[in-house]
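The values are calculated or read from the model by the stated rules, or taken from the named source; none is laboratory data. Predicted, not measured: the structure shown is a model, and the values here were computed from it. Here the Cβ is made from the backbone with ideal geometry for all residues, glycine too, and neighbour counts use every protein chain on show. The area values use the complete protein model at the heavy-atom level, side chains included, leaving out ligands, DNA and RNA. Shrake-Rupley method; radii C 1.70, N 1.55, O 1.52, S 1.80 Å.
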Amino acid sequence: MDFEKLKMFCKVVEEGSFQKAAESEFVSQRAVSQMMKKLEDELGLKLFDREKNKIFVTPVGRDFYIYVRNMLQKFSVNVSALRYESTTKQRLICGYFSPFDGALLREKLYSFLDKKMQLSIVHESIDHLLSDIANGLVDLATVLDYGDPGLVVTEPDLASADVYENEMIMGVSDLNPLSKLEEFPLTEIGNLPVLYYMPEENSNYLRQAFLSTLPEECQASCAHISNIEQMLVSLNKAVAFYPKGLFEYVLTDREHIRYLPLAGMQERSRYKIKVIYNPHSDKLSLIKKLLASFE
C-alpha cells in the first residue's frame, strides 16, 4: 500500500466517481479502477459497491475515508513542521501523560525556551511515552507517578528524576455533609462513584493507581470522565480525586466543591511528577538544563 493509492481513494470518494477522479488527476479511468481494486485487495475490505457507470462508497469505505483523510492531513502538517524545524539549531521533543503533569511541564518550558529552540509536544499513554523515549522518538516526558508500587523505571535506556511531589485529594460537593469535615473518611468511599479527569481515555493507569492505594476493605467504583466531572461533583452525583497543587492549573470550574485529604492516607496518597529521559541521548546536556529549571 502506498500514499498514491490512499490519495486517489480520497479523490474518488470526494469526486463521487472513478471518471471524475481520473480527469482531475490526468490519468485513465481504467488506471483509477485498477488502483482501487488493488487497495481493496490489500486491505481485505470492500470500499465501493460498483454498478454500471456508477459507484457507491460502502459504510466501511466511508469510515476508512475519514481515517485516511485525517492521516494524510496530519502527515502533511508534520512534514511541513519538519521542513521548518530542520532550519533551527535545536529541537526538543517533549511528552506528557496527563493534563496535570502537562501543566507543570508547560510552566517550566515557558521560561526555558528561547528563539533558537524548536519545540514539539506529544500527549501519549505512559507505555507509549516510555517506548518512544527509549527509541529516541521523544527526548523527555513528564508522567504522574502514583499508586502502589508506582512507576518503576529499570530499563537501561531510561532514567528518571523526581521534580514535584504532593498528595491526591478528594473533591466533594458543598451539598454533601462530608464537605464540612477536615478529611474524607475512607468508610465513605463507595457511596458515590469516584471519578478522575482525563481528556482522553488513553490509559487505565490513574484508576488502577488510585484503587491500589486503598485498603482491601474499601470497595470503590472508579471511572474516567472527560468533560463534565466538575459538574457531577458539584451537584453531588459523584466525588473525584485530583493531584493537589496541579489541578488548579487545569480545572477552572471549582465552585461548590471542597477538596479534602483522605483520612489516614497521608503517605499512601502521595504522588510524584517524574521526568523520564534517555541517559544516552545526544541532547542530554539540553535535557539536564531543563531538569535544572524544575528545581
- Note on the structure: With GLU40 itself left out, Lys, Arg at +1 and Asp, Glu at -1 over residues whose Cβ is under 11 Å from its Cβ give +3
- Query: Residue separation times 0.36 nm, minus the C-alpha to C-alpha distance between ARG268 and SER125: what's the value?
  - Reply: 49.2 nm
- Query: Nearest 10 degrees, 0 to 90: what angle lies between the long axis of helix 29-43 and the longest principal axis of the chain (Cα atoms)?
  - Reply: 40 degrees
- Kindly provide log₁₀ I(q)/I(0) values, in the same order as q = 0.12, 0.13 Å⁻¹, from the Debye equation applied to equal alpha-carbon scatterers of segment 170-295. -0.53, -0.60
- Task: Return the percentage of antiparallel bridges among DSSP beta bridges fully within the chain, rounded to the nearest 5 %.
- Result: 60 percent
- In Å, what Rg and Dmax follow from the Cα atoms of segment 8-70? 10.8, 31
- Task: For the chain, with all protein chains present and a 1.4 Å probe, just round the carbon and sulfur fraction of the accessible area to a whole percent.
- Result: 51 percent
- Message: To check my understanding: the extent here is largest minus smallest coordinate of the Cα atoms along each principal axis. What are those three numbers for segment 18-153, in Å, largest first?
- Response: 62, 42, 23
- Query: In nanometres, what is the gap between the two model label sites at SER28 and LEU43, each 7 Å from Cα along Cα-to-Cβ?
  - Reply: 2.5 nm
- Task: Could you tell me what percent of the DSSP beta bridges with both partners in segment 1-156 are antiparallel, to the nearest 5?
- Result: 30 percent
- Sorted by accessible area with a 1.4 angstrom probe, largest first, how do HIS123, HIS280 fall? HIS280, HIS123
- Message: What figure, in Å² to the nearest 10, do you get for the accessible area of HIS256 with a 1.4 Å probe and non-protein molecules left out?
- Response: 110 Å²
- Item | Loop sites in segment 1-73: chymotrypsin sites (Phe, Trp or Tyr not before Pro), DSSP, at most 13 other Cβ within 10 Å | PHE26
- Message: Order ILE93, ILE66 by their accessible area, 1.4 angstrom probe, all chains in place, largest first.
- Response: ILE66, ILE93
- Ordering TYR96, TYR110 by the accessible surface of their heavy atoms, 1.4 Å probe, largest first, yields TYR110, TYR96
- Item | Nearest 10 degrees, 0 to 90: helix 284-293 Cα axis against the chain principal axis | 40 degrees
- Task: Run through every distinct alpha carbon pair of the chain and return the Kirkwood hydrodynamic radius in angstroms, one decimal place.
- Result: 22.7 Å
- Task: Using only protein heavy atoms and a 1.4 Å probe, report how much of LYS244 is accessible, in Å² to the nearest 10.
- Result: 80 Å²
- Would you check the accessible area of ASP114, probe 1.4 Å, heavy atoms only, in square angstrom rounded to 10? 80 Å²
- Provide the per-residue ³J(HN,Hα) series for segment 15-25, in order, calculated from phi with Karplus coefficients 6.51, -1.76, 1.60 and θ = phi - 60°, each as a whole number of Hz, with x at glycine and proline positions. 7, x, 6, 5, 5, 5, 5, 4, 5, 5, 9
- Quick one: Cα centre-to-centre distance for segment 250-295 and segment 1-25, in angstrom? 48 Å
